[in-house]
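Before any comments, here is the structure.
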Amino acid sequence: MSFAKQLNLIDYSLSSLWRRRFKSLGVMVVFAGVIFLLASFQMTTKALTSLAAESLAFAPEITIQKMRAGRQESIPVAYQARLSEILGITAITPRVWGYYFNETKGANYTILGLDPLSMPLGDQLGRAIDQRRLPREHEVVLGRGVQGAASGSGSSIISLFRPDLSLKAMTIVGNFQPETDFLTYDTLFMGLADARDLFGLPPEMVTDLCVTVANPSEVATVAKKIASLLPDTRVVTRQQVQKTYQSVFGWRSGFASVCLLTALTSFIIFAWDKASGLTPEEKKEIAILKMVGWQTADVLALRFWEGMIVSLLSFVVGYTLAYVHVSFFEAALFRPILIGWSVIHPSIPLRPTVNLGETLLVLCLTVVPYLTATIIPSWRAAIIPADSAMN
Amino acid sequence: MSTALIELENVCKTYNQGQANQVLALRDITLTIAANSMVCLRGASGSGKSTLLSIIGCVFPPTSGRAAIAGKQLTRMPDRFLTIHRRATIGFIFQHFNVLPELTVLENITLPLMPLGVAPRQRKERAERLMEMLAISHRANFPARQISGGELQRVAIARALINTPPILLADEPTAHLDHPLSLAFMEIMRDLQASGKTIILTSHDRLITEHPAVERIIAIQDGKIYVP
C-alpha cells in the first residue's frame with residue numbers, strides 16, 4: 001500500500017516537474033554545472049595521481065643529486081666509486097635528466113640521457129621503441145608528443161640549441177610506443193654523451209645517479225647510508241617523490257575543492273531560495289491537494305521526490321559531462337590549475353576512473369546538501385492550511 | 001426517521017485567538033443534520049457560513065464546543081486524523097471549482113486517490129464511471145483550462161465523489177454559473193441525494209434556496225444561527 005502510494009507520488013512529482021519545466025530546468029542546469037565542476041576536479045586529480053603512481057613504478061628506487069647552496073648542480077660520475085662499499089646496491093646508473101624549452105613551439109621537452117646497457121634490464125628498453133632499436137651516438141628516440149611538435153615537417157633530423165646557441169643535429173631513429181605515453185610523451189631519449197653535449201656538461205659529470213637496490217625493504221636503509229657517505233648530496237627515494245606528488249596534487253585539488261564548495265554553497269542558497277519562493281499557483285495547488293485529502297506528509301513526500309528527481313538527474317548529467325570533459329577534452333578547464341607549469345608540455349592523455357567510493361563522495365557532497373536545503377522550504381509549503389483553497 | 005450524521009453543539013470558532021486581530025467567526029452553533037438530507041446554509045458574505053462549512057467538512061476543529069461528523073468527534077482531533085476522516089467522509093465542491101488548470105480532467109478527478117495508493121488502472125476505472133454519469137467522458141484527456149465553466153463544475157463534482165463520501169459540501173456552487181447550468185447542477189444534486197448522499201450547500205442564490213430538493217434552510221448571521 002505504502003509502496004503503491006510512493007509510486008503515485010513519484011508519478012505526480014514527474015508531472016508536476018514537467019508542468020513547471022522552465023523553473024525545474026533552470027535549477028537542474030545550475031546544479032548539473034556545479035556537479036560537473038566538482039566531479040571533473042575529482043576525476044582529474046585521481047587520473048593525475050594514478051598517472052604519477054604509474055610513472056614512479058618505473059622510476060629508480062633511489063636518485064642521488066648533488067646540492068650546493070640549496071640548489072641542484074651536476075654530480076661527478078666518480079661518486080659511484082664511493083658507494084661501492086654499501087651492500088644491497090645492485091647497480092648505479094649515471095643519468096642526464098633535464099628540460100629543454102622549445103621557444104618556437106612553446107613546448108617543454110624532457111631530455112633523458114643514459115647508457116641503457118649500464119642499467120639493470122636496460123637492454124629491454126628497446127621494447128618500448130617502435131623500431132626496437134636503442135639510440136647510438138648522434139641519434140635520438142622521441143616521445144609521441146615531441147614527434148608531433150618537433151618534427152611535423154616529416155624530417156628525420158631534429159636540431160636543438162646548446163647553451164652557447166650552437167645547433168646540435170640528431171637523427172631520429174624511432175618513437176616510443178603509445179602505451180608508454182605518460183612516461184615518454186614529452187621525452188627525447190639519447191645517449192649519455194649526447195645529453196652532456198646538449199646541456200654543456202663536462203664528460204665526468206651527470207645530473208643524477210640512479211641507484212637500484214636488490215631488496216625493496218632495504219631502500220630506506222641504503223638511502224640513509226648513501227646520505228651519510230655523500231653529505232653534499234640529496235638522496236631521494238621513490239616513496240618520497242610519491243609523497244610529494246600526492247601532496248602537490250592534493251593541495252591543489254583541496255584548494256580548488258574549497259573554491260568549488262563555495263560555488264556549491266551558493267547553489268544551495270539558490271536552491272533554498274527557489275524552493276522557498278512558492279508562486280501563488282503553487283500555494284493554491286498545495287491547498288487544493290490538502291483539501292481533497294492529501295496529508296502534510298504526502299505533500300512533504302511529493303516535494304522530497306521532486307528534489308530527489310531534480311538532484312539525481314542533475315547528478316547523472318553533471319557526472320557524465322565531467323567524465324567526457326576529463327576523458328575526451330583532457331580536463332581542459334582544470335589542467336592549468338592542477339598541473340601548473342607543465343601545461344607547456346605536450347599534453348598527456350588522462351584516463352579517469354569511476355569507482356563507487358568516489359562517486360558516492362560527490363553524491364554526498366551535492367545531492368544530500370540539496371535535499372537538506374530544500375527540506376524546510378518544503379515543510380513550509382506542506383503546512384499551507386487546507387482552507388486557504390476556499391478563499 | 002433519519003439518523004443524525006452531523007451534530008454540532010455550542011460550537012465556537014475564533015481565528016487568531018489571543019492576538020490583536022482575533023476574530024470570533026462562529027458563536028454557540030447548535031445544529032443537527034440528518035443523513036440523506038439536503039440543507040442550505042444561507043447568509044451574507046462574512047456571516048460565518050464558510051467557517052461552518054469548514055468545520056462540518058473536517059478542515060479544522062472548532063475552538064470550543066462539540067462537533068461530531070459521521071460519528072467522529074472533531075474537537076481536539078489532530079490535523080492528520082482530521083485529514084483521514086475528511087477524505088473518507090467529505091466531498092468538497094468549491095465556489096471557484098478549484099481544479100488544477102494544467103492537469104487533464106481525468107487527472108483532476110483522480111487526485112484524491114493518489115495518496116491512498118490506488119493503482120493507475122483502478123483510478124481510471126473509477127473516474128470513467130463518474131465521468132460517464134456526469135456526461136464529461138469526452139473531455140477526459142483535455143487540460144482543465146480548455147473546458148467550459150459547466151464542465152469544470154462537473155469535474156469538481158466527480159472529484160468530490162471519487163472517494164464515495166457520504167457527505168457532499170458545496171460552497172456557493174452556482175455563483176459562477178448561468179441559470180440553465182445552475183438548474184442542471186441542482187438536478188445532479190437531487191440525483192445524488194436520491195442515491196443516499198447528504199448534501200450541504202452554502203448560497204444566497206434563490207434558485208438554490210427555493211429549489212424543491214432543498215429540505216431545510218439554515219440562516220447564518222454574525223456567526224450565529226438566525227431564526228427570524
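Points worth noting:
- Elements of type strands (runs of 3 or more DSSP E) contained in the stretch B:137-228, each with 1 or more residues being within 14 Å of chain A (Cβ to nearest Cβ): B:167-171, B:198-202
- Positions within the stretch A:79-96 being part of a strand (DSSP E or B) and surrounded by fewer than 17 Cβ atoms within 10 Å (Cβ to Cβ), in sequence order: A:Thr90, A:Ala91
This table checks each residue for (1) in a helix (DSSP H, G or I); (2) assigned by TED's automatic domain parsing to the domain that holds A:Ile269; (3) under 30 Å from A:Leu289 (Cβ atoms).
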| residue | (1), (2), (3) |
| --- | --- |
| A:Leu14 | yes, yes, yes |
| A:Leu25 | yes, yes, yes |
| A:Val29 | yes, yes, yes |
| A:Ile35 | yes, yes, no |
| A:Leu38 | yes, yes, no |
| A:Met43 | yes, yes, no |
| A:Leu48 | yes, yes, no |
| A:Ile64 | no, no, no |
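So that you can scan it fast, the table gives a plain yes or no per residue for (1) within 30 Å of B:Arg87 (Cβ to Cβ); (2) assigned to a helix (DSSP H, G or I); (3) at pLDDT 85 or above:
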site: A:Ile286; (1), (2), (3): yes, yes, yes
site: A:Lys290; (1), (2), (3): yes, yes, yes
site: A:Trp294; (1), (2), (3): yes, no, yes
site: A:Val310; (1), (2), (3): yes, yes, yes
site: A:Leu313; (1), (2), (3): no, yes, yes
site: A:Tyr323; (1), (2), (3): no, yes, yes
site: A:Val343; (1), (2), (3): no, yes, no
site: A:Leu350; (1), (2), (3): no, no, no
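- Test: residue in the stretch A:171-181 that is small (Gly, Ala, Ser), at pLDDT 90 or above and surrounded by 14 or more Cβ atoms within 10 Å (Cβ to Cβ): no
- Among (1) outside any helix (DSSP H, G or I); (2) in contact with a Ser or Thr (Cβ under 6 Å, 6 or more places away or on another chain); (3) of a type in the set (A, V, I, L, M, F, W, C); (4) closer than 30 Å to A:Ser327 by Cβ, the one test that A:Ala59 misses: (2)
- Residue check: B:Val105 meets all listed conditions (1) at pLDDT below 95; (2) touching a helix residue (DSSP H, G or I) at 6+ places or on another chain (Cβ under 9 Å) but one, namely (1).
- Residues satisfying the stated conditions in the stretch A:2-26, i.e. in contact with a helix residue (DSSP H, G or I) (Cβ under 6 Å, 6 or more places away or on another chain) and either farther than 20 Å from A:Leu300 by Cα or away from chain B (no Cβ under 11 Å) (or both): A:Leu17, A:Ser24
- Residues of the stretch A:82-109 that turn out to be of a type in the set (Asp, Glu) and within 15 Å of A:Ile226 (Cα to Cα), as a count: 1
- The residue that is surrounded by the most Cβ atoms within 10 Å (Cβ to Cβ), among those in the stretch B:105-134 that are within 10 Å of another protein chain (Cβ to nearest Cβ), among the aliphatic types (A, V, I, L, M) and more than 19 Å from the chain's Cα centre (by Cα), is B:Met114.
- Within the stretch A:1-38, being of a type in the set (Gly, Ala, Ser) and buried (at least 17 other Cβ atoms within 10 Å of the Cβ) holds for A:Ser13, A:Ser16, A:Ser24, A:Ala32.
- Spans of strands (runs of 3 or more DSSP E) in the stretch B:1-104 with at least 2 residues within 14 Å of another protein chain (Cβ to nearest Cβ) and among the β-branched types (Val, Ile, Thr): B:90-93
- Single residue of B:Gln73, B:Gln95 found to be in contact with a strand residue (DSSP E or B) (Cβ under 9 Å, 6 or more places away or on another chain) and either under 16 Å from B:Ile200 (Cα atoms) or touching a residue at least 24 places away in the same chain (Cβ under 8 Å) (or both): B:Gln95
- Taken over the stretch B:105-136, residues that are in contact (Cβ under 8 Å) with a residue 24 or more places away in the chain and not in a helix (DSSP H, G or I) amount to 2.
- Residue within the stretch A:59-70 that is surrounded by fewer than 21 Cβ atoms within 10 Å (Cβ to Cβ) and over 24 Å from A:Lys243 (Cβ atoms) present: yes
The values are calculated or read from the model by the stated rules, or taken from the named source; none is laboratory data. Predicted model only: the values in this text are computed from it and were never measured. When we count neighbours, we look across all protein chains shown, and the Cβ atoms used for this are built from the backbone with ideal geometry, even at glycine.
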